[in-house]
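One structure below.
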């Protein structure tokens, strides 16, 4: 496995590979790799000639009161896991190379961003699309891999690729879960023992909501309230949001048909957890 | 010469060529090709395996009171000229394919844009970078060619490529001029006979300003006034701006050293003409 820090070296490397007709699968991450990331790598490994993964904790997508400094990092362990998973190139850019000065041209996400996580994380998705546009140009993948746990991120990346005609196929894979249902996340390490035991109820609550939505004469307002109560009665978490939207448009609709998402974000003492279920509603 | 309208066909075509290791030179235009465009094509022809030119009058870069509808078009003649100049692919996308719906993610130019043409054309450069980001992804050139007549556009494209790490080399070529010094422009056809005779005085005024700037104890305020007077006394044009800035940063500076630009925009009855000179100031 090759480790690349330099932007120009990364760009040069992929251009050489592409000249030979090799396809590139790309897994962008913020590191602290868990099984969710590794399964994205497995899929990318399977579907492409070359597998490039990046580790970059992107300051632009963290708000001033968020956990950029505290975001968990373990470079050595990440390198070991990536190597084991067959990554060909691990791209580790430095912040001062990615953002040598403030940008002259900014990207703003104007749709799909003012709901769910975007509502309480102003500018978060602007930071996400900015770093992804940069990474996409540096790595020039044929396919890019994301986990559906960050379903809103997937919806925004879908818009990025569509709006700007990136020559990239978006591959969104299922959320990887612990045995008890908790969605795998780098932030799970910040849960106390008690919180960790309660956390799987988030997923259970979403499942309950999904079942209720399939019933007739149940409003989405009602289901949201029930899901929220389910979470607060089973955990000490504080609800950030519970919402039900069309997917991937992330719009509020009265009559549900087609794909919808039911999603929740819950604050625990040192971590904010998110989870969701995307499914078809019978019309 | 192949003519391509379809976005996916364009993207597919270049991906096949790149797999064979061929380099692509790209000349994006709004059509109504003149010698300025054709010389960009000559340079691109010379420096790359394949030459792709695009013709797309981009509605996004025209303001509501600007000349989008009236912008001159001559598809047949453009095709003839492009073929003659050795263009391999002429890309002619349709507006409804480029902008099937309004964008979810917008690009905003926050520097280099609020001076010169950007000042009186709000949103113009947002539209320019948006369409170029799209075209760059559709054509995936190794080198992209622009004329220095649109010097502010070159400065903004330079920022676009730098900020977002596009794997593209920017090639900015000298302004091509008529024998009497008038910068070639698609909009010159809208000059009356008298205006056409007066228009070369814009370039002459800029040259006068350049000479004055090389003298000592002359303020840029003074030079701007003199250049403006030079233009209004020799033409019936109305000054939009005359300005002197660092290049490509396009910032106002007190002490000039390094590259600077002296630029003017002048309204005639049916056309607004721009011109500039970029040069090194002895410090």
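The values are calculated or read from the model by the stated rules, or taken from the named source; none is laboratory data. Remember, it's a predicted structure, so these values are computed and weren't measured experimentally. Neighbour counts run over all protein chains shown; Cβ positions are idealised from the backbone, glycine included.
For the range A:193-217, how many residues meet the condition of being surrounded by 14 or more Cβ atoms within 10 Å (Cβ to Cβ) and part of a loop (DSSP other than H, G, I, E, B)?
Restricting attention to the range A:193-217, the residues satisfying the condition of being surrounded by 14 or more Cβ atoms within 10 Å (Cβ to Cβ) are A:195-196, A:198-210, A:212-213.
Keeping just the survivors that are part of a loop (DSSP other than H, G, I, E, B) gives A:199.
Total satisfying the criteria: 1.
Between A:91, A:68, which is within 21 Å of residue A:173 (Cβ to Cβ) and touching a helix residue (DSSP H, G or I) at 6+ places or on another chain (Cβ under 6 Å)?
Working: A:68 fails: within 21 Å of residue A:173 (Cβ to Cβ).
Going through A:91, A:68 in turn, the sole match is A:91.
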If I filter the range A:82-93 for residues that are closer than 17 Å to residue A:132 by Cα, part of a loop (DSSP other than H, G, I, E, B) and assigned by TED's automatic domain parsing to the domain that holds residue A:136, do I get at least one hit? yes
Quick check on the range B:127-137: of everything there that is in contact (Cβ under 8 Å) with a residue 40 or more places away in the chain and within 14 Å of the chain's Cα centre (by Cα), which residue is farthest from the other protein chains (Cβ to nearest Cβ)? B:127
The residue from A:176, A:227, A:157, A:223 that alone is within 12 Å of another protein chain (Cβ to nearest Cβ), touching a strand residue (DSSP E or B) at 6+ places or on another chain (Cβ under 9 Å) and in contact (Cβ under 8 Å) with a residue 12 or more places away in the chain is A:157
Which residues, taken from the range B:104-126, are more than 9 Å from every other protein chain (Cβ to nearest Cβ) and surrounded by fewer than 24 Cβ atoms within 10 Å (Cβ to Cβ)? B:114, B:115, B:117, B:118, B:119, B:120, B:121, B:122, B:123, B:124
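Tell me the residue from B:63, B:21 that is modelled with pLDDT under 95, within 14 Å of chain A (Cβ to nearest Cβ), more than 17 Å from residue B:133 (Cα to Cα) and surrounded by fewer than 20 Cβ atoms within 10 Å (Cβ to Cβ), please.
On the way: B:63 fails: within 14 Å of chain A (Cβ to nearest Cβ).
After ruling out the rest, the residue left standing is B:21.
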The range A:160-173: number of residues that are more than 21 Å from residue A:15 (Cα to Cα) and either more than 12 Å from chain B (Cβ to nearest Cβ) or surrounded by fewer than 20 Cβ atoms within 10 Å (Cβ to Cβ) (or both): 4
Number of positions in the range B:138-157 that are surrounded by fewer than 22 Cβ atoms within 10 Å (Cβ to Cβ) and more than 12 Å from the chain's Cα centre (by Cα): 2
Among the residues in the range B:233-253, are any more than 21 Å from residue B:111 (Cα to Cα), assigned to a helix (DSSP H, G or I) and not assigned by TED's automatic domain parsing to the domain that holds residue B:110? yes
